[in-house]
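In what follows, a single structure is set out as structure tokens and then discussed.
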Amino acid sequence: MQTVEIFKFLRDDIHTVVMATVDDGGNAVTCAVDIMDCDAGGLYFLTARGKSLYARLKTRPHVSLTGIKGDSTLTRVAVSVSGCIEELGREELSTLLDKNRYMYKIYPDEASRTALAAFRLYRGKGEIFDLSKLPVVRNDFVFGGQPAAEYGYSITKECVLCGKCREVCPQNCIIFGDSGARIDGEHCLRCGNCKAVCPCGAVILKN
Ligand SMILES: Cc1cc2nc3c(=O)[nH]c(=O)nc-3n(C[C@H](O)[C@H](O)[C@H](O)COP(=O)(O)O)c2cc1C
């Protein structure tokens with residue numbers, strides 16, 4: 001899935017996510033937040049200025065969020081995103097409200113809506129992790145100019161093709177080919193079994 005499709009999945013299929021921020025004591029705080037919109041520029045959400053969430057967002061403009069769709073673990077897909085946020089103006093707020101008209105039931109009149117503030121998560125990284133498929137399917141992504149990084153484990157040239165890693169890989173994602181062994185990162189749980197059993201230190205954790 002392209003990043004914009006993952007964002008649409010968050011907005012349309014998941015909609016309410018759990019968002020983490022950090023308070024003044026350095027503690028992680030989570031709460032439910034709706035993804036009101038998305039585009040190539042990121043994810044959009046609202047809060048009210050009087051909430052402690054708003055204070056946390058303004059003090060440390062960085063969030064992490066996870067949204068999950070599915071009824072039980074083996075039918076669930078999770079999307080996690082973390083990155084930088086910025087507050088937007090009244091015009092963007094009003095567009096978001098018009099696109100999410102249920103908000104007019106929660107904040108029914110103009111006066112009550114003056115408390116609201118719109119935010120955009122504009123640069124960051126994320127992951128989609130699909131447990132409804134086995135082997136699992138996972139993909140990392142970046143957006144808004146965040147430098148891409150490689151995550152998970154890989155096998156270096158130190159590998160002697162002993163096969164020990166294949167015996168302990170729960171998702172069978174270690175592939176032996178003409179050019180040596182490699183890990184199919186799209187199906188890797190990143191459990192670390194391969195690294196733990198490798199007799200020659202050929203398995204490394206990239207990030
Ligand atoms: C389904 C659901 C969706 C919510 N969406 C939002 C939201 O988009 N923005 C928001 O500020 N609060 C939302 N809330 C309420 C917050 O999760 C709640 O106010 C949170 O506890 C506030 O945290 P605070 O007390 O740290 O400010 C939602 C709650 C539920 C149950």
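What follows draws every value from the coordinates through simple rules; no lab data is involved. Not measured: the values here are computed from a predicted model. A quick note on method: Cβ atoms are made from the backbone with ideal geometry, for glycine too, and the neighbour counts reach across all protein chains shown.
Inside region 81-139, residues that are crowded, with 16+ Cβ neighbours inside 10 Å and among the aromatic types (F, W, Y) make up a count of 4. Is it the case that N207 is touching a helix residue (DSSP H, G or I) at 6+ places or on another chain (Cβ under 7 Å) and under 30 Å from T73 (Cα atoms)? Spelling it out, it is not the case that N207 is touching a helix residue (DSSP H, G or I) at 6+ places or on another chain (Cβ under 7 Å) and under 30 Å from T73 (Cα atoms). Quick check: anything in region 26-47 within 13 Å of the ligand (Cβ to nearest atom), part of a strand (DSSP E or B), acidic (D, E) and more than 13 Å from the chain's Cα centre (by Cα)? The answer is yes; a qualifying residue exists. Can you find a residue in region 88-96 that is closer than 18 Å to A32 by Cβ and out of contact with any His (no Cβ under 7 Å at 6 or more places or on another chain)? Looking for residues that are closer than 18 Å to A32 by Cβ and out of contact with any His (no Cβ under 7 Å at 6 or more places or on another chain), one finds at least one in region 88-96, hence yes. Determine whether L74 is surrounded by fewer than 16 Cβ atoms within 10 Å (Cβ to Cβ), not acidic (D, E) and not in a strand (DSSP E or B). In short, yes. Among the residues making up region 193-207, a single one is in a loop (DSSP other than H, G, I, E, B), closer than 10 Å to G152 by Cβ and not polar (S, T, N, Q): K206. Residues in region 152-172 that are surrounded by 15 or more Cβ atoms within 10 Å (Cβ to Cβ) and under 18 Å from N207 (Cα atoms): G152, Y153, S154, I155.
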